[in-house]
Amino acid sequence: MGAGGLPLAPSHARVRRSLDRILDDNVLCSVATVGPGGRAHIHVCYFAVSRRLELFFLSDPGSRHAANLRKHPSAAIAVFSSAQTWGGPDRGAQLFGRCSRVGSMGRRKALRIYRQRFPALRQNRAARALALYRFETNRATVLDEREFGDAVFVELAMSRRLARPAPRR
């Protein structure tokens, strides 16, 4: 217990480990973007993540969310398993940050990370028409009821210097 009998906030490392588990255990995410007139738009895609909490995904560069990101790079991502049952110990994360199309300088790194998670990308001809996007996490909200308790949301502010711990296998 902390001062005044309040529970101590979990450490940055503990929250980060929980977030890493959530990201490692799930392959789909929902990406929310800001459209014309401040209207929200959302899409679902497969993602891969770097040690620096950059999420990479493929998408059609002519899509509504791609157009939104060209004008407003602010985005939010939700990651969770849809196999969870109501009333059970839930896990999920909300990530907030900036997102943009990967340029030629970052393409090799982004492809390496994405192919590590999805090796079949090499054989997918339809994917060649898609662009890679990079989401840079600035902060995250984590719900991991087994780790932190029922309905406890914990915040994680990111420093660009922090690298993701190497996965333990």
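Every read-out reported here was derived from the displayed coordinates using simple, explicitly stated rules and does not represent laboratory data. Bear in mind the structure is a predicted one, so any value in this text is a computation, not a measurement. Here the Cβ is made from the backbone with ideal geometry for all residues, glycine too, and neighbour counts use every protein chain on show.
Counting charges near residue 41 (Lys, Arg +1; Asp, Glu -1) among other residues having Cβ under 12 Å from its Cβ returns a value of +3.
Could you state the angle between the C-alpha long axis of helix 107-117 and the longest principal axis of the C-alpha atoms of the chain, as a value from 0 to 90 degrees rounded to the nearest 10? For 107-117 against the chain, the angle is about 60 degrees.
Ranked by how many other Cβ atoms sit within 10 Å of their own Cβ, fewest first, the residues 155, 147 fall in the order 155, 147.
Of 42, 22, the sequence from fewest to most neighbouring Cβ atoms within 10 angstrom is 42, 22. What is the sum of charges, Lys and Arg at +1 and Asp and Glu at -1, for the other residues whose Cβ falls under 9 Å from the Cβ of residue 101? After counting each charged neighbour, the total is +2. Our estimate of slack between residue 112 and residue 85, defined as 0.36 nm per intervening residue step minus the Cα-Cα distance, is 6.3 nm. Restriction of the chymotrypsin sites (Phe, Trp or Tyr not before Pro) in the range 54-100 to DSSP coil positions whose beta-carbon has at most 16 other beta-carbons within 10 angstrom yields 86.
Potential lengthening of the chain between residue 155 and residue 123 amounts to 7.6 nm, from the contour at 0.36 nm per residue minus the alpha-carbon distance.
Put the Cα centre of the range 85-123 next to the Cα centre of the range 14-47 and the gap is 9 Å. Considering only 10, 95, 141, the residue lying farthest towards the positive end of the dipole of the chain is 95, judged by Cα position with unit charges set on Cβ.
Taking the convex hull of the alpha carbon positions in the chain and averaging its projected area over all directions gives 12.3 nm². Measure nothing but the geometry: give the 0 to 90° angle between the long axis through the Cα atoms of 12-25 and the longest principal axis through the Cα atoms of the chain, rounded to 10°. Rounded to the nearest ten degrees, it is 50.
For the chain, the 222 nm mean residue ellipticity estimated from helices alone, with every DSSP H stretch of n ≥ 4 adding -39500 (n - 2.57) and the total spread over all residues, rounds to -6000 deg cm²/dmol.
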